[in-house]
Structure formats: C-alpha cells, structure tokens
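Just so it is clear, none of the values below were taken in a lab; they were calculated from the coordinates. Quick caveat, the model's predicted, so the values are computed rather than measured. So basically every Cβ, Gly included, is an ideal-geometry build from the backbone, and we count neighbours across all protein chains shown.
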Amino acid sequence: MNHAQSSKQALRRLVKARIAAAGDSRDTEAPTVWNAIAQLPAWPQWRNVLLFESLRDELSTDIPLAQWPDCGKTLFLPRMVGDDLEIVPVAGRQLQRDPRYGINEPMGDATAVTPDVAIIPGVAFDRVGHRLGRGKGFYDRLLARLEHTYKIGVAMQCQLVDNVPCELHDVTMDAVITAAGVHIINPSTASLS
C-alpha cells in the first residue's frame with residue numbers, strides 16, 4: 001500500500017466518525033445543497049442530470065429525485081455492472097437492490113446519453129475539487145468517460161476537509177457544494193457560460 005492509499009484509509013476512518021457524530025445532517029443540510037445547485041448560472045441549461053440514490057452516510061437525494069423531474073430535468077442514476085457503472089434513466093424511481101453492496105439501483109436499460117451535469121457523492125471532498133470515494137474506483141472510471149460533463153461533488157459539511165490525498169486516476173470535481181458553501185473550481189467550463 002502506498003502513502004496516498006494509507007492516507008486515504010485514515011481519512012475515511014476520520015470522516016466516518018464525523019458522519020456518525022453529525023446526527024441527522026444528511027437530511028437537514030440537503031435542502032440548502034439542492035437549492036444552491038438550482039441557483040448556479042447553468043442550472044436552466046442543464047437538461048440531463050446524473051444523480052445518485054443516497055446511502056445512509058450520504059447527503060439525502062430525496063428532494064431532487066422527487067422534484068427535479070417536474071423542473072424539466074431528465075434524471076439518470078448509476079448502476080453497477082461488474083467493476084464499472086453504467087447510466088440508466090430514472091423511470092418512476094423503480095429500483096432494485098444490488099446484492100453485492102445493498103445499494104438501490106435503477107431498473108431498465110442503460111443509455112448512451114451523456115449527462116450535462118453529474119452530481120456525485122463521496123466520503124470526503126476538499127475545496128479544490130479532490131474527492132475521496134469508498135476505494136473501489138467505480139465513480140472515477142465512470143467520470144473519466146464523461147469528460148464533457150460538469151461534475152459537482154455534494155456532501156455534508158462534516159465531509160469537507162482541508163486536503164484529500166489524490167492519485168493520477170482520481171477525477172477532480174468542477175465544483176463542491178455543502179450547506180456551508182459553494183466552491184467553484186472550474187468556472188470557465190462551457191456549461192457555466
């Protein structure tokens with residue numbers, strides 16, 4: 001195990017303890033985060049939105065999954081296939097549980113549509129867009145294929161740290177949003193013009 005991997009494991013343990021101490025922050029902070037995304041200049045232009053079905057230790061996605069289709073957004077969720085993620089349109093939130101990790105995933109056929117924006121969970125983020133995932137690389141492999149998609153990391157305040165160790169394969173976010181603030185890393189992306 002190299003130094004970056006060791007540092008990542010230590011940071012995962014630290015943030016896991018912070019999340020456990022944060023109580024119901026996943027629900028109480030969520031409205032502020034989703035409202036901040038809807039206030040971004042590019043929000044009206046974004047039609048195809050990659051979201052995620054939140055786990056218990058992630059910012060709740062109940063609000064956007066319920067409300068954003070009514071705002072003219074087409075929502076997509078990731079689904080695991082082997083060691084990769086594919087993108088599936090959300091059809092009435094019909095989900096099935098993945099037997100390996102217990103994650104609710106969309107049913108239906110995968111799509112070749114490239115999302116305008118991808119809203120991504122993580123264990124931790126820093127203010128320059130580095131993301132710490134769970135260590136399996138699922139999102140990094142997916143995001144590497146979505147080079148023209150604007151990438152927003154979302155998290156609870158307790159998941160924002162000073163520095164996330166990164167490696168060459170780690171994909172940097174264009175923005176990181178918590179209830180404490182919006183951190184735009186890449187304001188020059190065409191999606192925000």
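Of all beta bridges DSSP finds with both residues in the chain, what is the antiparallel percent, to the nearest 5? Around 55 percent antiparallel, to the nearest 5. In terms of its C-alpha gyration tensor, segment 22-95 has an oblate overall shape, because the principal axis ratio a/c (a ≥ b ≥ c, square roots of the eigenvalues) is not below 1.5 and a/b does not outweigh b/c. Taking Cβ atoms as reference points and 15 Å as the exclusive limit, the residues near residue 26 contribute a net charge of -4, counting Lys and Arg as +1 and Asp and Glu as -1.
Which of rounded, prolate or oblate describes the chain when judged by the alpha-carbon gyration tensor and an a/c cut-off of 1.5? Rounded, because the longest to shortest axis ratio a/c is under 1.5.
Using the Karplus relation 6.51 cos²θ - 1.76 cosθ + 1.60 with θ = phi - 60°, the per-residue 3J(HN,Hα) values for segment 174-184 come to 7, 7, 10, 10, 10, 5, 7, x, 10, 10, 8 Hz, with x marking Gly and Pro.
Annotation note: trypsin sites (Lys or Arg not before Pro) in segment 65-132 located in DSSP loop regions with a Cβ neighbour count of at most 16 within 10 Å are 93, 100, 127. Shape analysis of segment 75-160 yields a ratio of the Cα radius of gyration to the Kirkwood radius, Rg/Rh, of 0.95.
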